[in-house]
Amino acid sequence: MDILKLKQGLQDELADILERSQFVEKQKQARAVAVDRLTRAEAIAIAATLHGLLGWLPSAQVETSQQSAATAVSVSASVTGDDVITTTGLVILSNDLLTTEFEILTQADYVLLDDFTGDAQKRENREALVQAIFDAFTSSYRRRYEFALTEVGLRSKVLLDGAHIARLSELA
């Protein structure tokens, strides 16, 4: 038995494992930088536009959240304080994430998520995603608002009442 050879073999194998681990970690960091570079600014611009459009609604929140290959933009609000209506879109890096050359990735995709079915519907650009999120959110909000106003028990809980709308009209 060649002890020196066995010892050297084990050291070489462990060094290779460490090197691969460091390479994987560098790849994760490079991917995170690419996702941040390509999706975060777009998502923030989308969120700012949506906040300008919907921020006047009581309890409305527009948030962004970083994910592994995307940045999510979520709009939520409550009609009565008990229910929450949410619509989400993604600015996603969907190119070849197995690449080792993340700096060549220059294009993000825009996706509207259907919160009911989980389907993702691709949009052409930032403006189209803003419009899709706005349309989906306001459609749900309108339906829930109308329902709450027709139900005696919910009518008194509605956050967007006549006084609130009158104040908004005065500011406009």
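Sort 61-69, 5-13 by the packing proxy (mean of other Cβ within 10 Å over each peptide's residues), most packed first.
61-69, 5-13
Measure off, as a whole percent, the carbon and sulfur share of the 1.4 Å-probe accessible area of the chain, all protein chains present.
Solvent-exposed carbon and sulfur of the chain make up 55 percent of the total.
Given [x] 15.4; [y] 11.2; [z] 17.3, which label gives mean projected area of the Cα convex hull in nm² as computed from the coordinates?
Matching the structure shown: [x].
Return the distance in nm (one decimal) between the two label points of a simple spin-label model at residue 24 and residue 163, each offset 7 Å from Cα along Cα→Cβ.
Placing both labels 7 Å along Cα→Cβ, they lie 6.0 nm apart.
Taking only complete DSSP H runs, can you tell me which helices of the chain stretch 18 Å or more along their own long axis by Cα positions and average at least 0.0 on the Kyte-Doolittle scale?
41-54
Give the aspartates and glutamates reachable from residue 7 as a straight Cα distance under 15 Å; neighbours fewer than 8 places away on the same chain don't count.
Within the straight-line limit of under 15 Å, residue 7 reaches these aspartates and glutamates: 16.
The values are calculated or read from the model by the stated rules, or taken from the named source; none is laboratory data. Please read all numbers here as calculations on a predicted model, not as lab measurements. When we count neighbours, we look across all protein chains shown, and the Cβ atoms used for this are built from the backbone with ideal geometry, even at glycine. Accessible surface areas use protein heavy atoms only, side chains included; no ligands, DNA or RNA. Shrake-Rupley method; radii C 1.70, N 1.55, O 1.52, S 1.80 Å.
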